[in-house]
1. Please state which of the following conditions S93 fails to meet, knowing it meets all the rest: (1) in a helix (DSSP H, G or I); (2) at pLDDT 90 or above.
2. Might you check whether a residue that is among the polar types (S, T, N, Q) and in contact with a strand residue (DSSP E or B) (Cβ under 6 Å, 6 or more places away or on another chain) occurs anywhere in segment 190-204?
3. Please go through (1) in a strand (DSSP E or B); (2) touching a helix residue (DSSP H, G or I) at 6+ places or on another chain (Cβ under 7 Å) for K171 and return the number of the only condition it doesn't satisfy.
4. Conditions: (1) within 14 Å of the chain's Cα centre (by Cα); (2) surrounded by fewer than 18 Cβ atoms within 10 Å (Cβ to Cβ). E129 meets all but one. Number of the miss?
5. Name the one entry in K122, K107, K153 that is part of a loop (DSSP other than H, G, I, E, B) and not aliphatic (A, V, I, L, M).
Amino acid sequence: MKKLILSLAVVSMMFASCKSEKKVEVKDEVKIEEKVTNPINSYNVNIAESAISWKGAHPVGEGHNGDLKLEKGLFDVENGIIKAGMFVIDMNSINCLDLTEDKGKAKLEGHLKAADFFDVAKFPTAKFEIASSELKEGKLYVTGNLTLKDVTKSITIPATLTENGNDITFKSEPFNIDRTDFGVQYASGKFFEGLKDKAINDLLGLSFEIKARK
């Protein structure tokens, strides 16, 4: 019982609401009209220099933060707009940056990889595939399908695209998604009654910075 309470408390800090981050609206999957057709002339993601960041703010503290690595990615860019593209996330790479091994780092990471959370044994990757993008007042609004735990939903993310010769940097603003929209229901007050202060917040803060080269 003590182990369960500790686990709930640690994971709760990760999934607590990030008040400074905008919650993006989750909608039904959209049709992908354009795909990358000529990889030779496209931008290939630099796996070593790209990452997905996650963050959770605890009501009485700083919470936890970490990152995930990419497995691959590819983009077509035209006139400052991403015309097509996708990136694949390695869910086995879940990493907590602010905990050390003696403070529960491995335990938290293991719990997040387990079947009642992201179930990485069954769903080892997640994916974001771009459907469209629009430039407004210097900011890029990218709409695409996010697939997590084999659930696909569309989201629109505010981002920036920086071009430098044959290199691009595709960077999102921090945003929140509701984990339960993607089948991650563990300790959610929406699905389990009587949790009280043991309930885990449904919002997960995310951001990404992806570097790619033609």
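1. (1)
2. No, that holds for no residue.
3. (2)
4. The one condition E129 does not meet is (2).
5. Answer to the selection: K122.
The values are calculated or read from the model by the stated rules, or taken from the named source; none is laboratory data. Since we're looking at a predicted model, the values are computed, not measured. Note that each Cβ is placed from the backbone with ideal geometry, even for glycine, and that neighbours are counted across all protein chains shown.
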